[in-house]
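Scroll down for the structure; my scribbles are underneath it.
The values are calculated or read from the model by the stated rules, or taken from the named source; none is laboratory data. These numbers come from a predicted model, not from an experiment. Note: ideal-geometry Cβ built from the backbone for every residue, glycine included; neighbour counts use all protein chains shown. Side chains included, ligands, DNA and RNA excluded: accessible areas come from the protein's heavy atoms. Shrake-Rupley method; radii C 1.70, N 1.55, O 1.52, S 1.80 Å.
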Amino acid sequence: MKIIYHCYGGAHSSITAASIHLGWLPTDRVPSTEELVSLPYFDRPVGKDHGNIRFMGKDEFKNEVYVTGRRNASRVFENMAYGVSQIYGLGSNDVRLVSVMPYVNWKMMLGGFTSRKLMITSIGRPIILAGVKYSYWQIVTLVQRVKTTICL
Amino acid sequence: MLAAGLYLGLLKRKDEVSDFIKSLRGFGHIRYREIGTPYFVGTGNNVEVYTIGVAKESSLIERAVNELINVIDVDDKEKKVINVSSALSPWTKAGILLRRLHMMAAANWFIQVGARAEVDKVAKLLKRHGMENEILE
């Protein structure tokens, strides 16, 4: 199965969710700043990267995990992705799209805008990290729910 | 849809544009929340032609479609994704806005006017991508 975690920019919440899914981040504690910053693509993508679907890795069940940023086009993106998958004969058991946006808080939005749009990383990144840590348990719960449903 | 119609030879003359638009399956009835779903238009020269609505994010969705095809590609068939959003006329944009305001009759009129204004641009765009078509006066 191909699992695509998506959010606005594909730089923070979706990276965090994918990393939890792949076991790169803990599920029994909130990760440290160093653990988050060292994640691949964390707080790196910019506007021209939106729409790029990046491969993150394979989980313990050999499911492929991807991330992408799709700005405010969540519904359009999901309709397109499921529709194109069907054209190729793939169903919901082969491709799963997971939006992480419900767990994005104002700190992540403000920090993401400051860091990625205004390119003031020194100010934006600490705000993002505070936001990710604040929503961390919700994202862990989301990932656990995804893993439970795909294993059933 | 204009591009698909031109490529498949469903639309050959400019004065057929209005009739072509009105004959489209679901014209005027597709809901906003369905935007993004690919629609199969037809097959020509062993080529399957689909359309995808992109709302305001044409380049993002174009990129995402190409990337997704690479992700899920299960065969070696050639694929081509052509973004025709640059050919969109202000008439069509006005029609889309009116449709969101549920002013369907006015919306459909604007969209038909827009389609007539766009057909040349769309035809040139297709030719630039190596997709020959004939649109006659």
Q) Going through the range B:102-117 one residue at a time, which ones are under 14 Å from the mean Cα position of the chain (by Cα) and buried (at least 21 other Cβ atoms within 10 Å of the Cβ)? A) B:I111, B:G114, B:A115
Q.
Tell me whether the range A:93-113 contains one or more residues that are of a type in the set (S, T, Y) and over 16 Å from the mean Cα position of the chain (by Cα).
A. no
Q: Quickly run through the range A:8-55 and pick out the residues that are of a type outside the set (K, R), in a helix (DSSP H, G or I), more than 19 Å from A:S99 (Cα to Cα) and open to solvent by 20 Å² or more (accessible area, probe 1.4 Å).
A: A:T33, A:E34, A:E35, A:V37
Q) Across the range A:56-67, what is the total count of residues that are in contact (Cβ under 8 Å) with a residue 24 or more places away in the chain and assigned to a loop (DSSP other than H, G, I, E, B)? A) 4
Q: Specify the residue that is nearest to B:L11 (Cα to Cα); the eligible residues are those in the range B:38-82 that are among the polar types (S, T, N, Q) and open to solvent by 40 Å² or more (accessible area, probe 1.4 Å).
A: B:T43
Q: Hey, can you tell me all the residues within the range A:83-138 that are surrounded by 15 or more Cβ atoms within 10 Å (Cβ to Cβ) and not in a helix (DSSP H, G or I)?
A: A:Y88, A:L90, A:V95, A:R96, A:L97, A:V98, A:S99, A:V100, A:V104, A:N105
**Q.** Qualifying residues in the range B:1-37 (those that are among the hydroxyl-bearing types (S, T, Y) and over 22 Å from B:A123 (Cβ atoms)) - the one most open to solvent (accessible area, probe 1.4 Å)
**A.** B:Y32
**Q.** Exclusive hit being in contact with a Ser or Thr (Cβ under 8 Å, 6 or more places away or on another chain) and within 14 Å of chain B (Cβ to nearest Cβ), set A:R54, A:R71, A:R125, A:R75
**A.** A:R54
Q) A:E64 passes all but one of (1) in contact with a Lys or Arg (Cβ under 7 Å, 6 or more places away or on another chain); (2) under 24 Å from B:S58 (Cα atoms); which number fails? A) (2)
Q) What helices (runs of 4 or more DSSP H) lie completely within the range B:1-116 and have 2 or more residues being within 12 Å of chain A (Cβ to nearest Cβ) and free of Cβ contacts under 8 Å to residues at least 40 places away in the same chain? A) B:58-72
